[in-house]
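> Before anything else, here's the structure in question.
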């Protein structure tokens, strides 16, 4: 695989203040034929290691940080302000009053496996983020394989019909399976179709994660 065919990730802080960014990595799993040995926290010098699968860094206002896994499988999630978790008692919006949302991704998996990304609001919403990719790169969603180049989350119970987003407590996109991850939060409304994952068979380009500044509603 040539370097030009490798997919990268970038994180942009489009707000007016510095923000702490948490990067969580998938663990080695040799039963996972698509990504058995993903890149880990040690691969990126900018990260301060918080545990074996997570690192953090501070991103200045209007700045972008690129993560180049150099063709290795890169699977995990990005969260802002605090580590991913359910609602935090006494917190403000950004620090977990209504839980936390994350940008999830799997890039550069083994041949025959799709790349994928989404925004998960399963554990709530503490910020407004976008994920963007270049047009014409084969990214699509849903039963009709609808082409798409940008996704974004809305407020806690406003993500029904919003492609690329798992609604609150909807672990299976169209429903809750098992116990609610965050029992203090509502369930859904869920998606009516399986539109929560954005995927493609191609490689290359950059998946952008962008922290935005809408007023919570």
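We did not get these values from a lab; they are worked out from the coordinates using the rules stated. Only a predicted model underlies this, so the values are computations on that prediction, with no experimental measurement involved. Heads up, the Cβs are rebuilt from the backbone with ideal geometry, glycines too, and the neighbour counts pull from every protein chain shown.
> I need the full set of residues from the range 129-145 which are touching a strand residue (DSSP E or B) at 6+ places or on another chain (Cβ under 6 Å), more than 18 Å from residue 107 (Cα to Cα) and surrounded by fewer than 21 Cβ atoms within 10 Å (Cβ to Cβ), in order please.
none
> Scan (1) within 18 Å of the chain's Cα centre (by Cα); (2) farther than 25 Å from residue 114 by Cβ; (3) surrounded by fewer than 19 Cβ atoms within 10 Å (Cβ to Cβ) for the single condition residue 21 breaks and write down its number.
Status for residue 21: all satisfied but (3).
> Check off (1) surrounded by fewer than 18 Cβ atoms within 10 Å (Cβ to Cβ); (2) in a loop (DSSP other than H, G, I, E, B); (3) in contact (Cβ under 8 Å) with a residue 40 or more places away in the chain for residue 66 and give me the number that stays unchecked.
Exception for residue 66: condition (2).
> Can you name every residue in the range 203-217 that is surrounded by 14 or more Cβ atoms within 10 Å (Cβ to Cβ) and in a loop (DSSP other than H, G, I, E, B)?
203, 204, 205, 216 - these are the residues of the range 203-217 that are surrounded by 14 or more Cβ atoms within 10 Å (Cβ to Cβ) and in a loop (DSSP other than H, G, I, E, B).
> Identify all residues within the range 125-152 that are within 19 Å of residue 66 (Cα to Cα), without any contact (Cβ under 8 Å) to a residue 24 or more places away in the chain and part of a strand (DSSP E or B); write none if there are none.
150
> Which residue out of 155, 103 is closer than 14 Å to residue 212 by Cβ and either out of contact with any strand residue (DSSP E or B) (no Cβ under 8 Å at 6 or more places or on another chain) or outside any strand (DSSP E or B) (or both)?
From the options 155, 103, the qualifying one is 155.
> Further question: Does residue 181 count as under 18 Å from the mean Cα position of the chain (by Cα), farther than 22 Å from residue 23 by Cα and surrounded by 13 or more Cβ atoms within 10 Å (Cβ to Cβ)?
Numbers: under 18 Å from the mean Cα position of the chain (by Cα): yes; farther than 22 Å from residue 23 by Cα: no; surrounded by 13 or more Cβ atoms within 10 Å (Cβ to Cβ): yes.
Spelling it out, it is not the case that residue 181 is under 18 Å from the mean Cα position of the chain (by Cα), farther than 22 Å from residue 23 by Cα and surrounded by 13 or more Cβ atoms within 10 Å (Cβ to Cβ).
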